[in-house]
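To keep things clear, I will list the structure first and then write my remarks on it.
The values are calculated or read from the model by the stated rules, or taken from the named source; none is laboratory data. Bear in mind the structure is a predicted one, so any value in this text is a computation, not a measurement. Neighbour counts run over all protein chains shown; Cβ positions are idealised from the backbone, glycine included.
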């Protein structure tokens, strides 16, 4: 009887902690994510920093390791690499206001751990190159990664946010 009761309690606890299968992805860590341009009408919205609960658990370990390793290695003045992200995002948004729009593209930016991710669609790769150069020029940016579709017939090369 005790074993049966233990099994029932364990099953109830597991059911209570399991995330619903249709749980909407969230920006669990409040990473900066914003649109840079919106000129390509059929460009799929990137998933950006939005993940489900399982994705959050996977990211939590990586973020803890990367966040403190930067400081321990002397590569960051702040105790966490992610402490720079809002500042980087604000500087990039300010710099973009000072230049002409990126016509011919629909691009989004995510900033995570001093890395700027550019995702979306562009008809002119030169615009993506210009945005990458602008992001690289900002203080505290460690790396810039562009994952952009330039062929409108091709599937997006990035994770897409599921439709709700």
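Some observations on this one:
- Answer from 12, 16, 21 - the residue that is at pLDDT below 85 and not in a helix (DSSP H, G or I): 21
- Residue within the range 121-131 that is in contact with a strand residue (DSSP E or B) (Cβ under 6 Å, 6 or more places away or on another chain) and part of a strand (DSSP E or B) present: yes
- Scanning the range 107-120 for residues that are free of Cβ contacts under 8 Å to residues at least 60 places away in the same chain and part of a strand (DSSP E or B) returns 115, 116.
- Some residue of the range 84-106 being part of a helix (DSSP H, G or I), in contact with a helix residue (DSSP H, G or I) (Cβ under 7 Å, 6 or more places away or on another chain) and over 28 Å from residue 154 (Cα atoms): yes
- Among the numbered conditions (1) more than 12 Å from residue 43 (Cα to Cα); (2) in contact (Cβ under 8 Å) with a residue 12 or more places away in the chain; (3) outside any strand (DSSP E or B), the only one that residue 152 does not meet is (1).
- Hey, residue 132 free of Cβ contacts under 8 Å to residues at least 24 places away in the same chain and within 30 Å of residue 64 (Cβ to Cβ) or not: yes
- Candidates 104, 113 - the one that is within 20 Å of residue 46 (Cα to Cα) and either within 16 Å of the chain's Cα centre (by Cα) or at pLDDT 95 or above (or both): 113
- Residue among 147, 88 that is touching a residue at least 24 places away in the same chain (Cβ under 8 Å), surrounded by fewer than 16 Cβ atoms within 10 Å (Cβ to Cβ), under 25 Å from residue 26 (Cβ atoms) and within 19 Å of the chain's Cα centre (by Cα): 147
- Selection of the range 50-72 for residues being touching a helix residue (DSSP H, G or I) at 6+ places or on another chain (Cβ under 8 Å) and at pLDDT 95 or above yields only 51.
- Within the set 119, 127, the sole residue that is out of contact with any helix residue (DSSP H, G or I) (no Cβ under 8 Å at 6 or more places or on another chain), at pLDDT below 95 and crowded, with 19+ Cβ neighbours inside 10 Å turns out to be 127.
- The residues of the range 24-47 that are within 18 Å of residue 81 (Cβ to Cβ), in contact with a strand residue (DSSP E or B) (Cβ under 9 Å, 6 or more places away or on another chain) and assigned to a loop (DSSP other than H, G, I, E, B), listed by number, are 27, 28, 29, 31, 32.
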